[in-house]
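The values are calculated or read from the model by the stated rules, or taken from the named source; none is laboratory data. Not measured: the values here are computed from a predicted model. Every residue, glycine among them, receives a Cβ derived from its backbone with ideal geometry; neighbour counts consider all protein chains shown. Side chains are part of the model used for accessible areas, which takes the heavy atoms of the whole protein and leaves out ligands, DNA and RNA. Shrake-Rupley method; radii C 1.70, N 1.55, O 1.52, S 1.80 Å.
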Amino acid sequence: MKKQGKRMLIGSGITAAMVALAGSARQMASDYWVRMALDRQAPPHPLGLERRLVGEQADTQILQRIQQAGIRLAARPHEIVRLVGRDGTLLVGHWFPVKAPRRVIIAMHGWRSAWDNDFGMVADFFRNNGCSVLYAEQRGQGSSGGAYMGFGLTERYDCADWVNWANQKTDAKLPLYLCGISMGASTVLMTSELELPSNVRGIIADCGYTSPTEIWKYVAKQAGVSYGICGGPAGKMAKKRLHMEMDAASCPDALARTNIPVLFVHGSDDRFVPVEMTYENFKACVAPKRLLIVPGAAHGMSYLVDQKSYENAVRAFWAEFDGN
């Protein structure tokens with residue numbers, strides 16, 4: 001009996017140690033994913049993770065074109081704007097007014113990206129079509145303040161604040177559009193359910209996801225990580241950073257309550273944010289809506305793959321909803 005009891009104690013001790021190790025591993029995994037998703041400074045990631053997440057490598061020449069367009073945009077004379085968000089976070093934007101403007105655009109860039117990188121290619125199109133543009137730097141990125149990104153949960157309020165800033169700048173006399181790419185697209189879609197001025201005439205959402213939770217699940221699956229194991233602890237850690245639940249808002253929920261027209265754009269070959277998420281957002285939208293799917297376009301590449309169709313869709317959207 002003594003030997004058996006001793007073996008049982010040893011066995012229990014080994015089991016407890018294994019449980020503790022498993023719990024520690026889950027905590028480490030959760031900490032890593034939260035830091036990767038939300039923290040301003042990303043943790044070092046395993047070799048090959050980016051390839052597993054994105055699933056494709058953009059052509060070097062295309063990347064150079066994007067980089068050069070961003071450099072040209074940032075170098076153009078413009079006004080650097082600073083705004084204190086409603087939670088006290090310093091927000092930075094770049095204001096590019098045009099002569100005889102026909103409309104105003106608030107442009108929100110994507111996750112771990114930059115305003116000039118995401119909009120450098122399309123900036124000439126905006127300018128040549130009479131658009132004064134405020135390119136925002138998302139919180140937790142670039143020159144804006146904040147230690148964390150919010151996957152649109154916190155940024156939607158920043159977007160609304162930029163709308164108010166732009167209306168004060170222009171006396172609210174022009175039609176105004178929200179425009180976003182990737183996380184920026186989901187940001188503007190979630191903004192759509194907030195109380196916005198009547199001159200907000202539409203939203204252009206390029207490759208947005210449905211919700212922070214769903215994109216986390218998708219990315220975890222693509223990276224070969226079990227969301228079921230780390231999702232719960234990660235959600236609790238995210239709540240401490242953002243002071244709200246990760247499912248506090250979603251694009252489908254917002255779109256089911258908005259009356260703002262939306263132009264949805266997505267590349268058919270997007271492996272970072274699957275095109276099915278735009279289909280789901282489109283289906284949920286009760287406002288007037290238009291859809292452009294670009295065959296063969298990867299994440300955020302729709303404008304480069306089919307510039308003509310993209311520009312035609314946006315011009316038609318403006319013509320329909322400017323109200324001039």
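Considering region 95-143, and only residues there that are closer than 30 Å to D39 by Cβ and charged (D, E, K, R), the residue that is farthest from the chain's Cα centre (by Cα) turns out to be D116.
The residue that is nearest to the chain's Cα centre (by Cα), among those in region 294-324 that are farther than 22 Å from G184 by Cα and at pLDDT below 95, is G323. Evaluation of G93 against the conditions (1) touching a strand residue (DSSP E or B) at 6+ places or on another chain (Cβ under 8 Å); (2) exposed (fewer than 12 other Cβ atoms within 10 Å of the Cβ); (3) of a type in the set (G, A, S) shows that the sole unmet condition is (2). Residues in region 238-265 that are open to solvent by 30 Å² or more (accessible area, probe 1.4 Å) and either outside any loop (DSSP other than H, G, I, E, B) or touching a Cys at 6+ places or on another chain (Cβ under 7 Å) (or both): K239, K240, R241, D253.
Suppose we filter L194, L189 for residues that are more than 20 Å from R82 (Cα to Cα) and assigned to a loop (DSSP other than H, G, I, E, B); which single one remains? Answer to the selection: L194. Answer yes if at least one residue in region 137-157 is within 25 Å of E193 (Cβ to Cβ), part of a strand (DSSP E or B) and open to solvent by 10 Å² or more (accessible area, probe 1.4 Å), and no otherwise. Checking region 137-157: at least one residue is within 25 Å of E193 (Cβ to Cβ), part of a strand (DSSP E or B) and open to solvent by 10 Å² or more (accessible area, probe 1.4 Å). One residue alone among G202, G208, G224 is over 20 Å from D247 (Cβ atoms), part of a loop (DSSP other than H, G, I, E, B) and either under 10 Å from the mean Cα position of the chain (by Cα) or not aromatic (F, W, Y) (or both), and that residue is G224.
Does K173 meet the test of being in a loop (DSSP other than H, G, I, E, B) and either in contact (Cβ under 8 Å) with a residue 12 or more places away in the chain or not aliphatic (A, V, I, L, M) (or both)? Yes.
Being open to solvent by less than 60 Å² (accessible area, probe 1.4 Å), at pLDDT below 80 and among the hydroxyl-bearing types (S, T, Y) is a property that S30 has.
Within region 98-131, the residues that satisfy the criterion of being in a strand (DSSP E or B) and over 19 Å from I71 (Cα atoms) are R103, V104, I105, I106, C131. Could you tell me whether region 52-73 includes any residue that is closer than 24 Å to D161 by Cβ, touching a His at 6+ places or on another chain (Cβ under 6 Å), modelled with pLDDT of 95 or more and hydrophobic (A, V, I, L, M, F, W, C)? Within region 52-73, none of the residues are closer than 24 Å to D161 by Cβ, touching a His at 6+ places or on another chain (Cβ under 6 Å), modelled with pLDDT of 95 or more and hydrophobic (A, V, I, L, M, F, W, C).
The single condition among (1) at pLDDT 95 or above; (2) touching a helix residue (DSSP H, G or I) at 6+ places or on another chain (Cβ under 9 Å) that K99 does not satisfy is (2).
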